[in-house]
Amino acid sequence: MSEAPEKDQKTEAPTDKRRRDAAEKGDVLQSKELGTALVVVAGAAWLALGGQMLVSALGDMLSEGLSFDKGVIHDFDPASTALRLIGMILLPLFILFAVTIAAAIGAPALLGSLGFRSKAFAFKPEKLNPLSGMKRIFGMNGLIELVKSIAKVLLLGSIGAWLLLDQSRNLIGLSSEDIRPALANVGNTFVIAVLIMALSLALVAMIDVPAQIFQRAGRLRMSKQEVKDEHKQSEGSPELKAAVRRRQHEVLRGSARTAVAEATVVLTNPTHFAVALRYRPGEDVAPIVVARGRGATAEAIRELAKESTVPILSYPQLARAIYFTTRTGHIVREDLYLAVASVLAFVFNLDAAISAGAAQPPIEVPKGARFDEKGRPEV
C-alpha cells in the first residue's frame with residue numbers, strides 16, 4: 001500500500017489518548033526556533049540593561065590585576081589572587097547564566113511541553129535503519145528544515161549587512177576618538193546589533209510555532225478505523241469492564257451492598273444520581289432511603305441492583321429530589337409521598353404491567369422539591 005492513501009485515510013482529529021501516548025513517547029510540540037529566540041532575546045536584554053555591570057566588573061578586575069605593590073610581591077599567592085579577581089565578575093555572569101537558563105526552560109513551558117518523559121529516552125531500533133534516516137533527510141520534513149535554514153541565513157545575513165553599512169561611518173570615525181568614548185560607541189553598536197538580531201529570531205519563531213503545531217496535528221491524525229480500535233481497547237475490553245465493576249463495588253461498604261440487594265426499587269437520574277428505596281408493607285411506616293449516591297457511587301448502586309434483580313426506573317427529577325432532601329436511613333419527605341407511592345404501586349404490579357405492556361406511570365414532583373444536578377432549586 002502506498003503512503004498517500006494512508007494519509008488520505010487519516011481524516012479524524014487525534015483523541016486525548018493518542019495525544020497522551022504521543023507525549024509520553026517524546027512526540028511533543030517543540031520549536032527550536034522559539035528556544036533559540038528566547039535565549040538570544042534574554043541575553044540581548046541583559047546586555048542592554050546589565051551590560052554596564054559586566055563592563056565595570058571587567059574594568060575593576062583588569063585594574064586590580066595590573067596593580068601591585070611591595071606586599072603583593074613579598075607575599076605572592078597566585079591562587080587567592082585569581083579567586084579574588086574571578087569573584088569580581090561572578091555576579092554579572094551568574095545573572096546572565098540564570099536569565100538564559102530561564103529562557104531555555106520557558107520555551108517548552110510556553111508550548112505546554114515541559115516535563116520529563118522516560119519513554120523518550122528508550123532505545124528505538126527504527127532509528128538505526130539507514131532508509132529511515134535517508135527518508136528523514138530527503139523527505140518533506142528535511143526539505144522544510146532546509147528551507148527554514150536558508151531563510152534564516154538570508155534574513156540574518158541581510159540584517160547584518162544593513163547594520164554594517166549603516167554603522168560603517170561611525171566605526172571608521174572611531175580611530176580619531178579617545179579610547180574610552182570609542183569603546184563605549186563600539187559597545188553600543190554591538191548591543192543594538194544583538195537586539196536587532198534577537199528580534200529577527202523572534203520573528204522567525206512566530207512563524208515556526210504555528211508551522212510546528214500544524215505538522216504535529218498532521219502526524220497525530222487518525223483514521224476512522226484507528227479511532228474505533230482505540231475505543232474498543234479502552235472501553236470494550238472485558239478486563240477493563242471487570243476492573244471498573246470491581247472498583248464500583250468497592251465504593252459501597254458491605255452494609256450498603258446488603259441494603260441495595262434488599263431494596264424495593266432504585267430510582268436514577270439516569271446516570272449521575274441513584275437512590276435505592278425500600279418499602280415493606282406492614283413493616284415500614286413509609287418508604288426508606290437505604291442507599292443514595294452520585295457519580296461512581298451511583299454507578300455502583302445500579303450495578304448491584306442489576307445483580308440482585310432490583311427494578312431500576314429512570315425518574316430524574318424524583319431521584320434528585322430524594323437525593324437532596326433525604327439522608328440514608330431516613331424516610332422520604334412527606335411532600336414526596338404521592339410521587340413515590342405511584343412508583344411503588346407500579347413496582348408491586350411490575351409483572352402484570354410488563355405482560356400488559358404498560359409504561360412507567362408519570363409522576364409529579366412538588367415545585368419545592370425540584371433541584372438541578374448541582375442541588376440548586378429549580379425555578
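The values are calculated or read from the model by the stated rules, or taken from the named source; none is laboratory data. Please read these numbers as outputs of a predicted model, since none were measured by experiment. Cβ: placed from backbone, ideal geometry, glycine included. Neighbour counts: every protein chain shown. Just the protein is used for accessible areas: all its heavy atoms, side chains included, with ligands, DNA and RNA removed. Shrake-Rupley method; radii C 1.70, N 1.55, O 1.52, S 1.80 Å.
Around LEU85, with a cut-off of 11 angstrom between Cβ atoms, what is the net charge of the other residues, counting Lys and Arg +1 and Asp and Glu -1?
So the environment of LEU85 carries a net charge of -1.
What is the sum of charges, Lys and Arg at +1 and Asp and Glu at -1, for the other residues whose Cβ falls under 14 Å from the Cβ of TYR337?
With Lys, Arg at +1 and Asp, Glu at -1, the neighbours total -3.
Could you sort ILE288, ILE192 by accessible area so the largest value comes first, with the probe set to 1.4 Å?
ILE192, ILE288
If you add up the charges near ASP372, with Lys and Arg at +1 and Asp and Glu at -1, over every other residue whose beta carbon is less than 15 angstrom from its beta carbon, what do you get?
+4
If you keep only loop residues by DSSP, which GluC sites (Glu not before Pro) in the range 263-369 have at most 13 other Cβ atoms within 10 Å of their Cβ?
Passing both the DSSP loop test and the Cβ count: GLU283, GLU364.
Among the trypsin sites (Lys or Arg not before Pro) in the range 347-379, which ones are in a DSSP loop with at most 14 other Cβ atoms within 10 Å of the Cβ? Mind listing them?
Those that pass, being in a loop and sparsely packed, are LYS374.
Too long at a 30 Å Cα-Cα cut-off: which of LYS10/LYS148; LYS25/LYS374; LYS306/LYS374; LYS228/LYS374; LYS152/LYS224? Don't skip to the answer; put the middle values down first.
Values: LYS10/LYS148 27 Å; LYS25/LYS374 39 Å; LYS306/LYS374 27 Å; LYS228/LYS374 34 Å; LYS152/LYS224 39 Å.
In this structure, LYS25/LYS374; LYS228/LYS374; LYS152/LYS224 lie more than 30 Å apart at Cα.
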